[in-house]
1. On the given criteria, is Glu398 among the acidic types (Asp, Glu) and touching a strand residue (DSSP E or B) at 6+ places or on another chain (Cβ under 8 Å)?
2. Within the stretch 279-286, is there a residue that is closer than 30 Å to Lys409 by Cα and in a helix (DSSP H, G or I)?
3. Starting from residues that are outside any helix (DSSP H, G or I) and charged (D, E, K, R), keep the ones in the stretch 114-126 and report whichever is surrounded by the fewest Cβ atoms within 10 Å (Cβ to Cβ).
4. Please work out which residue is farthest from the chain's Cα centre (by Cα), limiting yourself to the stretch 62-107 and to residues that are of a type in the set (S, T, N, Q) and part of a helix (DSSP H, G or I).
5. Scan Arg46, Arg73, Arg65 and give me the residue that is closer than 29 Å to Ala213 by Cβ, in contact with an Asp or Glu (Cβ under 8 Å, 6 or more places away or on another chain), surrounded by fewer than 19 Cβ atoms within 10 Å (Cβ to Cβ) and of a type in the set (D, E, K, R).
6. Determine which single condition Ser93 fails, assuming it passes every other condition in (1) among the polar types (S, T, N, Q); (2) assigned by TED's automatic domain parsing to the domain that holds Glu249; (3) modelled with pLDDT under 95.
7. Taking the residues in the stretch 193-230 that are hydrophobic (A, V, I, L, M, F, W, C) and more than 24 Å from Ala117 (Cβ to Cβ) as candidates, determine which candidate is surrounded by the most Cβ atoms within 10 Å (Cβ to Cβ).
Amino acid sequence: MTSIAAPSQVGFNVRWIREDFPILRQTVHGKPLVYLDNAATAQKPRAVLDALMAYYSEDNANVHRGVHLLSERATQAFEDARATVQRFINAASAREIVFTRNATEGINLVAQTFGRARLGPGDEVVISAMEHHSNIVPWQMVCEEKGASLRVIPITDEGALQIEEYERLLGSHTRLVSIVHLSNVLGTINPVRQMIAMAHRRGVPVLIDGSQATHHMAVDVQALDADFYVFTGHKLYGPTGIGVLYGKERLLDEMPPYQGGGDMISSVTFEKTTYNVLPYKFEAGTPNIAGAVGLAAAVDYITAIGMDRITAHERELLAYGTAALSGVPGLTLIGTAPEKASVLSFVMDGVHSHDIGTVVDQEGVAIRTGHHCAQPLMQRLGIPATARASLALYNTREEIDALVAALHKVRELFT
C-alpha cells in the first residue's frame, strides 16, 4: 500500500497523491488519461482498494447477529466505519449516522418518513432552482400524495441563490427546507449555515444535500445545526453503493422505519413487530458492509492529507481553470457566483455539448456533458445542456492545459 501519511507531513504534493490512484496511470485513445468528471464519481486511492480487498479476503461475513469470529470482525469493521463517519462530519453520536445506498436514498428516506408524517394540504417544502433531480422528485412525490406544494428559491444569472427571496418564501405553511450545499452544475457554495438559522428562527427543519460538498470542504453538522445531511461515498473517493444520512437523534427517533426486514427489528410476531434502536431501524436487510469499510478508508485517506490542503489546492486549480477556459474563443462559463468550488461548466457557440465531450475524449480528457440531472436549472438558464469539467484533489494545472488544448481542437472542427 502506498503511504497516505506523507502528504500531510510535508504539505500538499499532488504528484505524490496521484501515485495513490492506479487508474490515473492509463492511457485513453493513446493519450494520458485526464479525468475531469469527478462530480459524477471520483477515482479511488489504493488505500480504499486495499481495504475492500482485505475485507473480502479476510473478514467477509454478515454483521450483528453472528457469534463466530468472522462475523464479529465484520461487525466491528462496520461499526468502526460508522464511528469514522461520525467524526468526519462531527455528528454528536454514531446513532445519528445511517448507512444508505447513496445520497438519493437518504433524501427519499427523509421524504417518505419525516416528510409524509408532517405534510398535509396547503403545506410547503422549500427547495432551490439549482437542485439535482434527487432533491426535487422525492419532494414532488410526497407533496402530490399529501396535497402540499413545492416552493422554489430563485437564483441570479451568475448562479447565486437570492437570499432575500428565500426569506420571503419562509412562511407559516413551510414545513421543511431541502437545499444543496454545493451545486453539481454551477459549483455554487450556498450559505447553508445562514439559511439553516433563518429557517430555524421560524421553527422549520432543514435537510442539506452534501453530495458535492464533503470531499471539497470541511463539514461540521453540529456547527451548521443541520437537521439532516446526506452524502454519498463514491464522490468522496470511496466505493459506489454506500451513502450516509445524518439526522439529529431526536428527529430520527420520531421517524417511522423506511423499509421492513432483517436487522431493523427487535422482535417479530404475526401480530406485531417491535423496531430496533437507532440507527438500525433504518438499515433493513444486509447492508453494504464492504462499502462502509471502503468509505471509512476514503475518509481516513483525505483526513490524513488534510481537508484544508485539499480545499486550498482545488481553489487554486479552479482559479487557474477559470482563467484558462475564459481564453477559449466562443466559450462561456456557466456559474460565476462569488462563492464556488470545483466545477467549470461551460457552453461553446455553435457546438452541442455532446460534441464537445466526444472530441475532448479523443484527446484523453474525460468530462461530463448534458443536463447533469438538473433540467429545471437548465430551463432557468435558457440552455439545453453544458459541458462540465469537475476537479478533485489529484488534478493538476497540466490537466487543465490539456482540456484547453482539446477545446481549441473543438473550435477548429466546428468553425
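The values are calculated or read from the model by the stated rules, or taken from the named source; none is laboratory data. Not measured: the values here are computed from a predicted model. With ideal geometry, Cβ positions are generated from the backbone for all residues, glycine too; neighbour counts draw on all protein chains shown.
1. Answer is no for this residue.
2. Step one: of the stretch 279-286, the residues closer than 30 Å to Lys409 by Cα are none.
No: zero hits.
3. Asp123
4. Per the stated criteria, the residue is Ser71.
5. Working: Arg73 fails: closer than 29 Å to Ala213 by Cβ; Arg65 fails: closer than 29 Å to Ala213 by Cβ.
Checking each option against the conditions leaves just Arg46.
6. (3)
7. Ala213
Table: residues versus (1) within 29 Å of Thr214 (Cβ to Cβ); (2) touching an Asp or Glu at 6+ places or on another chain (Cβ under 8 Å).
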{"site": "Lys340", "(1), (2)": "yes, no"}
{"site": "Val343", "(1), (2)": "yes, no"}
{"site": "Glu363", "(1), (2)": "no, no"}
{"site": "Thr386", "(1), (2)": "yes, no"}
{"site": "Leu391", "(1), (2)": "yes, yes"}
